[in-house]
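The values are calculated or read from the model by the stated rules, or taken from the named source; none is laboratory data. What you see is a predicted model, and the numbers here were worked out from it, not measured in a lab. Counting neighbours? That spans all protein chains shown, and the Cβs are built from the backbone with ideal geometry, glycine included. Side chains are part of the model used for accessible areas, which takes the heavy atoms of the whole protein and leaves out ligands, DNA and RNA. Shrake-Rupley method; radii C 1.70, N 1.55, O 1.52, S 1.80 Å.
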Amino acid sequence: QVQLVESGGGLVQAGGSLRLSCTASGSIYSIGTMGWYRRAPGKQRELVATVTSVGSTNYADSMKGRFTISRDNARRTVYLQMNSLKPEDTAVYYCNAPVVASRSGIDYDVWGQGTQVTVSS
């Protein structure tokens with residue numbers, strides 16, 4: 001079974017920083033573009049940032065300059081460094097990636113369970 005597990009969320013004051021991690025586990029042949037998404041209370045899920053297997057990144061406009069996405073392919077892990085956090089960044093953050101399972105060769109679109117980030121003013 002392929003899973004993505006996030007960690008690193010928590011409560012932080014405005015202007016502070018947090019680093020989220022997301023690690024893939026299971027019988028994995030390959031992992032495609034990994035991404036972070038978030039869902040704030042009462043809002044739809046939105047893209048935060050993505051990173052390809054070769055390190056090309058893409059950010060939502062409101063995160064540019066404050067958030068940095070990176071990945072460690074050997075550890076099957078994607079990171080999200082969040083700086084200068086604002087109360088409007090409060091949301092559940094989800095990790096996502098297309099994963100090819102090594103046994104079946106099937107391509108799964110996998111989501112993590114989410115990690116809560118709360119930014120106080």
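Would you mind finding the one in TYR29, TYR37 that is over 16 Å from the mean Cα position of the chain (by Cα) and closer than 20 Å to GLN3 by Cα?
On the way: TYR37 fails: over 16 Å from the mean Cα position of the chain (by Cα).
None of the others qualify; the one that does is TYR29.
Evaluate region 29-36: report whether one residue or more is under 23 Å from VAL119 (Cβ atoms) and either outside any helix (DSSP H, G or I) or touching a helix residue (DSSP H, G or I) at 6+ places or on another chain (Cβ under 7 Å) (or both).
yes
Can you name the residue in region 25-74 that is in contact (Cβ under 8 Å) with a residue 40 or more places away in the chain and of a type in the set (Gly, Ala, Ser) and, of all such residues, is nearest to TYR93 (Cα to Cα)?
ALA40
Being open to solvent by less than 90 Å² (accessible area, probe 1.4 Å) and of a type outside the set (S, T, N, Q) is the filter; apply it to region 72-81 and report the residue that is farthest from ASN96 (Cα to Cα).
ASP72
Residues of region 15-42 being closer than 12 Å to VAL100 by Cα and of a type in the set (A, V, I, L, M, F, W, C), which ones?
Listed by number, the residues that qualify are ALA24, ILE28, ILE31.
Conditions tested, residue by residue: (1) open to solvent by less than 50 Å² (accessible area, probe 1.4 Å); (2) of a type outside the set (Asp, Glu); (3) out of contact with any Cys (no Cβ under 8 Å at 6 or more places or on another chain); (4) in contact (Cβ under 8 Å) with a residue 12 or more places away in the chain.
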site: ASN83; (1), (2), (3), (4): no, yes, yes, yes
site: VAL92; (1), (2), (3), (4): yes, yes, yes, yes
site: ALA101; (1), (2), (3), (4): yes, yes, yes, yes
site: ILE106; (1), (2), (3), (4): no, yes, yes, no
site: ASP109; (1), (2), (3), (4): no, no, yes, yes
site: GLY112; (1), (2), (3), (4): yes, yes, no, yes
site: GLN116; (1), (2), (3), (4): no, yes, yes, yes
site: VAL119; (1), (2), (3), (4): yes, yes, yes, yes
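Within region 52-71, work out how many residues are open to solvent by 40 Å² or more (accessible area, probe 1.4 Å) and not in a loop (DSSP other than H, G, I, E, B).
The total comes to 8.
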